[in-house]
Amino acid sequence: MATYSKGQIARYLQHIKWDDSSQLVPGTLAHLTELVKRQIATVPFENLTLHYSPTHRLSLKTEDLYDKMVGRNMGGYCMENNTFFGAVLRSLGYSVVNAGARVSDATAGRPGGGFGGWSHMVNLVTIPNEKGEHVKYLVDVGFGYNEPNVPVALFSGQVTPGTGTTEFRLEYKALPKHTDKSQRVWVFSHRDTAIGPDWTEAYAFAELEFFPEDYEVMNLSTMTQRKSFFLQTLMCVKMTLDEQTGKPNGWLLLAGDEIKRKTNDGMEVLDKFKNEEQRVEGLKKWFGIQLTEAEKAGIRGLSTEIRGFS
């Protein structure tokens, strides 16, 4: 599987503002947790290239992803971010397996209460615990503000605290559509205890390893199907950190013509755009993303274009 050079990793660690004086030991849960936090707070979950580009196509090649995320300060959607981060983790010596996932109807806004086809990607990382036992963790840096912003151990029913009042859970169980009820998959759920006690099932995955060829098929479907959520909605999401403590304190979200900040206190509108020029400037101001002239022109005529005037 693909990895990055020592020089590329050094530049990446600088990009995510890794503390060189950190006493965290590579290959440990504490080290992995800090990497996940800084990755999510630096590399946004976004689909800008599907709207702002001449081709509206996404590459999953690791070198292309590195140039996009480290070189241009951009991000990507699930298969981009998790392919990239999986390669980073392998380069740092972690044992990583890529797996596919089915997004829930509840998350996708579909009726039915079940799960769709393979459309999401996660990383499964195995590390030893303090007893020397090897434990497998879900690591997902490509699911927006409902993603697990910490590694989640594959223990069925165990609740893992996230940022603020968020919690995560994995359950090993059969899905409603399974005709063979002896089959089992891992179902990832999340909740915000400040809102209520109910869990929302986000996606289901098996421990079956997916190959790059599998993601090529999934990627083609996701970025070309007209009914795809990612073609209908322009978005950019990034976790924010407290400047003093370095702890997560919320999320920045661009959806359509607005940028909002999500915290434990609720949602606040930070910026609203009347035209494309304003939104492009908003991406630069709030996310540090600068688009080329060719990329800006790529959205003309699409349903996601803001057609207002100054």
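The values are calculated or read from the model by the stated rules, or taken from the named source; none is laboratory data. Everything quoted here is computed from the prediction, not taken from an experiment. Here the Cβ positions follow ideal geometry from the backbone for every residue, glycine too, while neighbour counts run over all protein chains shown.
Things worth noting here:
- Test: residue in the stretch 174-181 that is among the acidic types (Asp, Glu), assigned to a loop (DSSP other than H, G, I, E, B) and in contact with a Pro (Cβ under 7 Å, 6 or more places away or on another chain): no
- Checked against the criterion of being within 20 Å of residue 139 (Cα to Cα), of a type in the set (Asp, Glu) and surrounded by 15 or more Cβ atoms within 10 Å (Cβ to Cβ), the candidates 214, 271 yield just one match: 214.
- A single member of 124, 60 is touching a Leu at 6+ places or on another chain (Cβ under 8 Å) and of a type in the set (A, V, I, L, M), and it is 124.
- Residues (within 10 Å of the chain's Cα centre (by Cα) and either part of a loop (DSSP other than H, G, I, E, B) or not assigned by TED's automatic domain parsing to the domain that holds residue 48 (or both)) located in the stretch 65-86: 75, 77
- Candidates in the stretch 123-172 are the residues that are farther than 18 Å from residue 30 by Cβ and either aliphatic (A, V, I, L, M) or in a helix (DSSP H, G or I) (or both); of these, the one that is farthest from the chain's Cα centre (by Cα) is 159.
- Matching residues in the stretch 22-32 - criterion: being within 26 Å of residue 62 (Cα to Cα), assigned to a loop (DSSP other than H, G, I, E, B) and not β-branched (Val, Ile, Thr): 26, 27
- Per the conditions (1) farther than 21 Å from residue 234 by Cβ; (2) modelled with pLDDT of 95 or more; (3) not polar (S, T, N, Q), the sole criterion not satisfied by residue 69 is (1).
- Those residues of the stretch 103-122 which are among the aliphatic types (A, V, I, L, M) and either outside any strand (DSSP E or B) or within 30 Å of residue 28 (Cβ to Cβ) (or both), in sequence order: 106, 108, 121, 122
- Residue among 221, 303 that is exposed (fewer than 14 other Cβ atoms within 10 Å of the Cβ), in a loop (DSSP other than H, G, I, E, B), among the hydroxyl-bearing types (Ser, Thr, Tyr) and in contact (Cβ under 8 Å) with a residue 60 or more places away in the chain: 303
- Counting residues in the stretch 14-21 that are assigned to a helix (DSSP H, G or I) and either exposed (fewer than 14 other Cβ atoms within 10 Å of the Cβ) or in contact with a Ser or Thr (Cβ under 6 Å, 6 or more places away or on another chain) (or both) gives one or more.
- Scope the stretch 7-22; condition more than 11 Å from residue 39 (Cα to Cα) and touching a residue at least 40 places away in the same chain (Cβ under 8 Å); matching residues: 8, 9, 11
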